[in-house]
Amino acid sequence: MPVTLHFVDQAAWAADSQTQQDLQRIYADAPAERLSGSVDDFIRDHLAAGNFFGCACFNDRLLGAVAIHSDPEAWWLSELCVRKATRRRGVGSRLLALVGSAARQEGRQLRAPASQLPLPDQLLLSRLGYRLHDTGDYFELDPPSQGDSEP
C-alpha cells in the first residue's frame, strides 16, 4: 500500500479535526497491552510533552502511527500501531522506512526501547535493519555515514 509520511505535533493536532479523529482511531485499534491508559490521555500527554507522531497517510487519511520522542541524538520510537482494517499490508514497515529516511535527513539515529517491545515488533525491527544495542536496552538504526548512498 503506497503511503506517505505525515508528522503530527501539537499544532497539527489542534488545527485539524480529521487528524484528531484518525489518530484516535489508530490507537483505539491498538491491542489492550499497547497503551496503559485511555487513547485520549495517551495522545494528549505525548503531544503536551513536546513529542510528535509519525503517521502513514493514504488518500488523505492516517492509517498508522508511531509515537516519537526527540532528543539531541535520536528519535525514540514507541507505540507503533496500524488500523486493524489495514494491517498485514506493509503499512507499518513502510511507515518505519519513511521515518528512518526523515531521521537520516535530520542526522538522527532511530531507537526503540527493547523492554517495551513485544516479540512481533522486535522481529519487525530486526527485519528492517535495526540492531539490538550492545547494552541490550534498545534497538537502533543508524543513519548512513557521509558518502554512503541510500539503497
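Annotations
- Scattering curve values for segment 62-113, log₁₀ I(q)/I(0), Debye with Cα scatterers, q = 0.24 Å⁻¹: -0.89
- Once you reduce segment 120-142 and segment 49-64 to the center of their Cα atoms, the two points are 22 Å from each other.
- Under Stokes-Einstein, with the Kirkwood radius over Cα pairs as Rh, the value for segment 1-84 at 25 °C and 0.890 mPa s is 191 µm²/s.
- Residue order, fewest to most beta carbons within 10 Å, for 135, 4, 86: 135, 4, 86
- Rounded to two decimals, the Cα-based Rg/Rh of the chain, with Kirkwood Rh, is 0.94.
- By the beta-carbon count within 10 Å of each Cβ, the least crowded to most crowded order of 119, 77, fewest first, is 119, 77.
- Degrees separating the helix 39-48 axis from the principal Cα axis of the chain, which is the longest one: 60 degrees
Bear in mind these aren't lab numbers, they're just calculated from the coordinates by the rules spelled out. If you're wondering where the values come from, they're calculated on a predicted model, not measured in any experiment. Reconstructed Cβ throughout: ideal geometry from the backbone, glycine too, with neighbour counts over all protein chains shown.
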